[in-house]
Structure formats: structure tokens, C-alpha cells
1. Can you pull out the residues in region 140-166 that are aliphatic (A, V, I, L, M) and out of contact with any Leu (no Cβ under 6 Å at 6 or more places or on another chain)?
2. Does residue 306 satisfy being in contact (Cβ under 8 Å) with a residue 60 or more places away in the chain, in a strand (DSSP E or B) and within 30 Å of residue 84 (Cβ to Cβ)?
3. Assigned by TED's automatic domain parsing to the domain that holds residue 161 and either in contact with a Pro (Cβ under 6 Å, 6 or more places away or on another chain) or within 21 Å of residue 159 (Cβ to Cβ) (or both): is that true of residue 248 in this structure?
4. What are the residue pairs meeting all of these: first residue in region 214-235, first residue in the same structural domain as residue 294 (by TED's automatic domain parsing) and closer than 16 Å to residue 248 by Cβ, second residue of a type in the set (D, E, K, R) and buried (at least 24 other Cβ atoms within 10 Å of the Cβ), Cβ atoms under 6 Å, and 6 or more apart or on different chains?
5. One residue is enough: does region 173-186 have a residue meeting the conditions outside any helix (DSSP H, G or I) and modelled with pLDDT of 85 or more?
6. Filter the strands (runs of 3 or more DSSP E) completely within region 1-64 down to those with at least 2 residues that are modelled with pLDDT of 50 or more and out of contact with any helix residue (DSSP H, G or I) (no Cβ under 7 Å at 6 or more places or on another chain).
7. Quick one: would you say residue 158 is under 22 Å from residue 221 (Cβ atoms), touching a residue at least 12 places away in the same chain (Cβ under 8 Å) and buried (at least 22 other Cβ atoms within 10 Å of the Cβ)?
8. Just need a number here: residues in region 107-145 that are among the aromatic types (Phe, Trp, Tyr) and exposed (fewer than 15 other Cβ atoms within 10 Å of the Cβ).
Amino acid sequence: MSRKGAGSIVRTDAVPRQIISITNGLGADAEVIFNPAGRGGAAQALLPEVIQHFGEAGISVRETRAPGDEERFASEAIGRGVTTIVVVGGDGTCSNVANAILRERSQCRLAVVPAGTGNDFVKTLGIRNHSIPEIVGLVSRGGATSIDVGVADGRYFINSCGFGFDASVLEATGRVKFLKGDALYIYAALAQLFTYRGVPVGVDRGVLPSDRELLMATVSNGRFLGGAFRIAPDASVTDGELDICLIGNASVRQRIRLFAAAMRGTHSRFPAVEMFKSSSLLLSFSVPPSIELDGELRQAASREVRISCVPRALRVIAAPGAPL
């Protein structure tokens, strides 16, 4: 495939449908990693517009085809000297690319074109409603902000880490095929409100450790979760701390009220909710728990999960004036 004008686009035969190379403009300084599976596959429709606008800036596009591609592509880009990686995808794709950048100890900037289900991280960056040309403009202007990241069970997260109800809801979304976006998480969460049993958790934040039965525990870097929920309304990605929300197990009626309040960010007023900031936390479970990490489900390596904040570790491109 070829296109004249701002640059030529060529799909290579060596890696079919994966690499689109573009010359001119920013060239090798930046690269787009495009996840066509975002939004349940609907992100694929963005590819022509991504090619057009990033191509005019001379920025190359690589299209993922299998799990692990985004991290591999990011590591390869950093090895070639790329200084900006633009993710077209959701929170999980952003997180995987961020993990590659952080493992490489690179100063590479991360930019995002929202193309996922929840798109929680881009709300923090203030670019949720930005068009592709506007994001190209932000990338071309060259600014960056250093933000905190979290580490849970040895893996970095940029937005959130969740246990209990949160992880159970994420697992349930994989069984719902007829909804997308915020509606998908809301539907799955409502169903889980009636069936989830809670989980015993040991909480050690460096003071007096405690054991309790929780509906869920979330550790947040950003303010948003599941697209529609303001789970950590006072969180900042530049304060050097993580925002912890512990919600005790409760009756179905109380759960429904908590659910509605969490959408508004007012759930902290309920007696079952404890919220605090900390730079580190140790959670212990009876068995290795499932973990929601930036919208993806993972299994912990052991019964104990240590979580900590790494201040100002990742350089990102945010909208001017974004409340980071």
C-alpha cells in the first residue's frame, strides 16, 4: 500500500499487516503503537485517520496482532532511539507500553490516543475528548510531564490496582459481548453486587496491621476506575503517594448505595469506606489473589502483594492545564 504527499506508507512483507513505515517529519523520533482490538475491535476503524494525521508528521505506526506485541514493539522502538511512543488503545495497552519504558529506564515520552473501553488514564491526562490532529500537535510541540507510577507484585501500573470486587467485575466483563465502553463495566458491576461474597484481607500500611473482610480494595494513582467511577477523587499522579480505598463487605442495599456514590466520587462518607494516602502498602490474602492492573486481570505470585509508589518515574504528554 502506498500514499503520496506528506510521506510514503509501505507495509512490509516480512511482518504482514504489522509495520507501516512513514518518512519525513519527526521520523525516527516517534512511533505509534496501534491496538486494533481496543473497544472490542471497534478501534480498527481509527487506523485510516491515524495513518493520515501521524503520517503527515512523519510518525511510523506499528499494529499489534498478539498479546505481548505492545511491550515488544516499545522495547524495540526505545532500542532504535525513539523518544516518543504514542499508544492508540486503552488503559491496558498504555500500561504495557509504560512497563516497557520503565523497565528500560528510558526517558521516552508516552502519549495516548484514547481507543479503549474505560479510557481512565486519558482522563487524568486531560485528553479524553482530544481529536487525533490535536494529539499530533501535542506530540509535535515536545513538552512532557513526569508522573508517579505504582508497582504491585513486581509490575508497574499507571492508573489503578484492584482486588476483590474490582477484579471480579473485570473478569465478568469478558463474558459480556453485547456492550462496550462505560456501559460494559456498569452492567458487569451491577450483576456482581448481588453475588460477590467479599474477601478476607490483611492490611499493613506501616502502622498497626489489621485484618478485615472487604468488598474490594483499590490502590489508585489516577482518579478514575472502570470508565464511570471516581474511585479516588483526590488522587494526584504527581504527589508521590497512592490513594487507597478499602470498602468493607456490606449488604446488597448498602452495596447499591455505595455503587451510586462511587460514580459521583462521594463514597468516602459511608462508614464501610476507609480512604487514605500512602507511598507503600502490603496486602495479604488466604490464597494468591486476582489483581486488576490498569484494566487487565493478572494472578498474583503469592498470598502477599506489596504495592508501592515510584515518584515521577514516567514522562507523559498531557493537555495543558490538566489537573494531574
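The values are calculated or read from the model by the stated rules, or taken from the named source; none is laboratory data. Quantities reported herein were computed from a predicted structural model and do not represent experimental measurements. All Cβ positions, glycine included, derive from the backbone under ideal geometry; neighbour counts span all protein chains shown.
1. Within region 140-166, 144, 151, 152, 158 meet the criteria.
2. no
3. no
4. These pairs meet every condition: 216/166; 218/166.
5. no
6. Correct list: 60-63.
7. Working: under 22 Å from residue 221 (Cβ atoms): yes; touching a residue at least 12 places away in the same chain (Cβ under 8 Å): yes; buried (at least 22 other Cβ atoms within 10 Å of the Cβ): yes.
Criteria met by residue 158.
8. Going through region 107-145 one residue at a time, the tally reaches 0.
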